[in-house]
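The values are calculated or read from the model by the stated rules, or taken from the named source; none is laboratory data. Values in this document were obtained by computation on a predicted structure and should not be read as measured data. Glycine also receives a Cβ, built like all others from the backbone with ideal geometry; neighbour counts cover every protein chain displayed.
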């Protein structure tokens with residue numbers, strides 16, 4: 001196969017832990033050709049979607065993990081598979097990319113995750129489809145609604161709908177003296193919707209990333225455990241990653257969601273769970289493959305490539 005990866009600038013990727021690089025290495029090890037595409041080079045001429053593709057020679061050396069070949073403008077449907085792996089922010093340009101990628105799919109390109117599914121699945125709001133698995137949750141922008149939610153539950157998490165890596169997340173108790181200021185800041189004085197969720201004390205045991213690959217539940221997860229005095233378990237916020245088998249509650253949720261999301265073209269999904277409750281569904285560029293592989297010898301990146309090869 002010839003596989004293209006739409007990724008952030010190559011020199012900014014962290015080779016020792018980046019899931020996209022792990023998939024590139026898995027593809028190369030299986031004899032497949034690998035190319036990199038920058039989202040900014042996507043274009044459509046007379047309806048044909050193409051991009052500037054850079055062939056890569058991929059190595060195991062983290063200090064010098066790739067060499068570039070000559071760049072070439074190629075139609076996306078000339079690849080056997082295209083993996084959309086650019087990190088948020090999910091802004092207007094990201095949406096525009098999904099429009100172009102959707103046209104490429106119509107022309108026969110195999111794009112994962114499916115661009116329409118990426119666009120339709122807000123990583124925060126998509127959990128509202130599965131309320132039976134989530135903590136008590138509110139999405140609103142009106143301060144009175146958010147205040148009432150905090151008064152009712154007493155201890156909540158507030159977070160923006162477009163954040164990642166733990167940015168902009170606050171734990172707010174009913175008697176927090178900064179409560180009004182936090183709500184005003186997060187909502188932009190009522191101009192932006194945010195998410196409020198019941199605080200789950202099980203966060204002390206980890207914010208767990210459970211991966212779904214091609215509709216299959218991976219048996220190990222990465223528990224991101226907050227550092228002392230911190231509410232957020234995100235690794236970007238200083239959390240400590242511990243690999244562990246998924247438990248019965250996590251498996252039950254994952255088994256329910258896996259076939260539904262795979263049927264929508266979501267090849268790689270990262271479910272975030274705390275205390276056996278679903279808090280987010282990550283579909284733009286789910287990570288943690290390398291950490292889980294190092295702690296379990298489970299080759300998740302290789303599983304992605306094998307699924308693609310089986311569907312070629």
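Observations, loosely collected:
- Screening the candidates 275, 239, 270, 310 for the property of being within 23 Å of residue 171 (Cβ to Cβ) and modelled with pLDDT under 95 yields one hit, 239.
- Within segment 26-53, considering residues that are without any contact (Cβ under 8 Å) to a residue 40 or more places away in the chain, more than 13 Å from residue 3 (Cβ to Cβ) and in a strand (DSSP E or B), the one farthest from the chain's Cα centre (by Cα): 45
- Flag for residue 7 being buried (at least 16 other Cβ atoms within 10 Å of the Cβ), free of Cβ contacts under 8 Å to residues at least 40 places away in the same chain and at negative phi: no
- Among the residues of segment 4-16, the ones that are under 15 Å from the mean Cα position of the chain (by Cα) and assigned to a loop (DSSP other than H, G, I, E, B) come to 2 in all.
- The strands (runs of 3 or more DSSP E) found wholly in segment 208-312 and carrying at least 3 residues that are buried (at least 19 other Cβ atoms within 10 Å of the Cβ) occupy 216-225, 268-274, 277-282.
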